[in-house]
1. Quick one: net charge of Asn98's neighbours, Cβ under 15 Å, K/R +1, D/E -1?
2. Exposure proxy check: Thr76, Thr23 ranked by fewest other beta carbons within 10 Å?
3. To the nearest 0.05, how large is the calculated FRET efficiency for Ala116 and Asp29 if R₀ is 30 Å and r is the Cβ-Cβ distance?
4. Would you calculate the separation in nanometres between label points at Arg36 and Ser96, each defined as 7 Å from the Cα along the Cα-to-beta-carbon direction?
5. Scan the chain and hand back the longest stretch that contains none of the GluC sites (Glu not before Pro) lying in DSSP loops with at most 14 other Cβ atoms within 10 Å.
6. Evaluate E = 1/(1 + (r/R0)^6) for Thr14 and Glu125, where r is the Cβ-Cβ distance and R0 equals 25 Å; express this FRET efficiency to the nearest 0.05.
7. Considering only Leu75, Leu111, Leu32, give the residue with the highest GNM mean-square fluctuation for the chain, with springs between Cα atoms whenever their separation is below 10 Å.
8. In a Gaussian network model over the chain where Cα atoms closer than 10 Å are linked, find which of Val74, Val61, Val122 has the largest mean-square fluctuation.
Amino acid sequence: MLDVESGAMQCYGTFREAIAASTDGRITDAPLSGKRIDQKLADRLKGSSATAGAAAVQLGVVYTDANYGGSALVLTGGSGCQSGNGRDAQINLEGSWNNSVSSLTTLSCWLELWDAPNASSVHQEYQQSTSYVGDAMNDRASSVALL
């Protein structure tokens, strides 16, 4: 899980554990793997921030493999996005996440992958969940903008 506002990253053993932590225990029945985010769960994740006392909004998820496989990084923040209304946040992907994104799930934000740090150079915007980010961005993203 990565807080896009503070840059703090926390690793969890399962997707379920990451979702339980990012929703302050409001959602504890997420699947063990992030590969199976169905529309019902996506709607719950989008709505979980509306609950009184919510500490974080689930903005999106990026995956190391196509078809929502491999490791999953849940992007959270203190507020949602105004989808399509300009950049709401931007993060650099560091360590094993740099140049490793192959698919993504949009939740509260559209996601924009950039092939260089600080949201610069070549980029691609994704308005919906995408099982393969395409040859131009596969394993090339160094930063993510949240729109």
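Every number here is computed from the coordinates shown, using simple stated rules; none is lab data. Please read these numbers as outputs of a predicted model, since none were measured by experiment. FYI the Cβ positions are ideal-geometry reconstructions off the backbone, even for glycines, and counts take in every protein chain you see.
1. Result for the neighbourhood of Asn98: -2.
2. On the way: Thr76 26, Thr23 23.
Ranking Thr76, Thr23 by Cβ neighbours within 10 Å, fewest first, gives Thr23, Thr76.
3. Details: r = 39 Å, r/R0 = 1.28.
The calculated FRET efficiency here is 0.20.
4. So the two model labels end up 2.3 nm from each other.
5. 6-93
6. Result of the calculation: an efficiency of 0.25.
7. Leu32
8. Val122
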